[in-house]
Amino acid sequence: MFVATLASASGALSLCRVARPMPATTRRPTHASAMSSVDADTESVPHSLSLHGFVKRTAKGGVIVEVEDSGNDVEAFLPWQEAPISINKKVKKHETMKELMPLGLQREFLVSEGGEGSQQGEERLLVVSAKDVDTNLMWKRVEQIFNNCTYEKENLSVIVNGVNKGGLTAFIAGYPVFVPISQLLRRADGEMWDAQSLQEHYMKKRISIAMLEIGREDRRVVCSEIKAVENDALRGLRVGQVIQGRVRKIERFGVFVGIQGTKMSALLHVSNISGRHVDHPEDVLDHGETVTAMIIGMDEDYSNISLSTAVLEEERGAMMEDKKSVYDGAEEMAAKVMAAGEGVDE
């Protein structure tokens, strides 16, 4: 069984185990296998084909690996450019290849995109890649992290390893990510970020970021420092909590109240504004007004948050007559509501 690891002792991302080389008497390839297409029709070789094998010997510009295809053992060529991904250092031809691809190493390989065959002596061997396997493994991990950032509002702690006029670069699980300047927190002095200030404030520093978007086609990962702060604010919310926010939008069915520290809005439904009937939210609240309300319901991914001011009324209709008194006694009333377990959806 193969165990996925992000880094081995040599710093390589790998899906492998080291074993003794197989006997030299292993079977030679048969033309019934997919490998025969190297000689017959190189364009028909399936580039997505995954093969298991081991490093058999070194060769000029790479190593010879023996892979199993359709029950047959076949030799293939792995150039140094297709060596396993090294998280800690760049691959430097033969010296690093010996570290990353020692003789006897068993692992998975993919037929290389440039696998039209490599001439090795009198034989033309299929070209395979270990790097493509590792890249796919890393991308799967990136997708898992993205889902956690999206649905669980989890953040990531990274060390900035690069700065340019467009933003910052870092690594997440060995994968390069980019934080655009537009997704950085504002400078303390209110000035715009420039190359020098970015270098001084961020380079080699540890920061908290969240994945903002991933491009599954180009495998691009964009992160945000602003989103990380928003995630922290959202994770701190709970049913029964009293919050303050400004009215961002008014609809016939209710008002949307902005949650401080985030771009998200919670819904204060017209039926939850007061214990007395409200014809239209604008009869009680104005656009831009600061509202104090209690959270009465919330989805696990924080996508839908419901508020109520009605539960904070000591007397029915107080929101329509004296909102300030309702807001002033909000914390006390919220505690009573939660103790009674009424009007909330936990």
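In the set (1) on the phi > 0 side of the Ramachandran plot; (2) assigned by TED's automatic domain parsing to the domain that holds residue 332; (3) free of Cβ contacts under 8 Å to residues at least 60 places away in the same chain, the condition left unmet by residue 240 is number (3). When 291, 278 are checked against the criterion of being in a loop (DSSP other than H, G, I, E, B), crowded, with 18+ Cβ neighbours inside 10 Å and either hydrophobic (A, V, I, L, M, F, W, C) or at pLDDT below 95 (or both), 278 stands alone in meeting it.
The criterion of at least 1 residues that are in contact with an Asp or Glu (Cβ under 7 Å, 6 or more places away or on another chain), of a type outside the set (A, V, I, L, M, F, W, C) and modelled with pLDDT of 75 or more is met, among strands (runs of 3 or more DSSP E) falling completely within the stretch 20-138, by 50-59, 62-69, 72-79, 123-129. Looking only at the stretch 294-317, residues that are surrounded by fewer than 20 Cβ atoms within 10 Å (Cβ to Cβ) and over 40 Å from the mean Cα position of the chain (by Cα) come to 4 in all.
Between 164, 147, which is closer than 30 Å to residue 257 by Cα and without any contact (Cβ under 8 Å) to a residue 40 or more places away in the chain?
Going through 164, 147 in turn, the sole match is 147.
The set of residues in the stretch 148-185 being at pLDDT 90 or above and part of a helix (DSSP H, G or I) consists of 181, 182, 183.
Just one residue in the set 214, 145, 226, 209 is under 30 Å from residue 50 (Cα atoms), in contact with a helix residue (DSSP H, G or I) (Cβ under 6 Å, 6 or more places away or on another chain) and outside any loop (DSSP other than H, G, I, E, B); that residue is 214. Looking only at the stretch 293-343, residues that are in contact (Cβ under 8 Å) with a residue 12 or more places away in the chain and among the basic types (Lys, Arg) come to 2 in all.
Residue count for the stretch 178-217, restricted to those that are of a type in the set (Val, Ile, Thr) and closer than 21 Å to residue 139 by Cβ: 3. Screening 178, 171 for residues that are aromatic (Phe, Trp, Tyr) and closer than 30 Å to residue 54 by Cβ leaves exactly one candidate, 171.
The values are calculated or read from the model by the stated rules, or taken from the named source; none is laboratory data. Since this is a predicted model, take the numbers as computed values, not measurements. Reconstructed Cβ throughout: ideal geometry from the backbone, glycine too, with neighbour counts over all protein chains shown.
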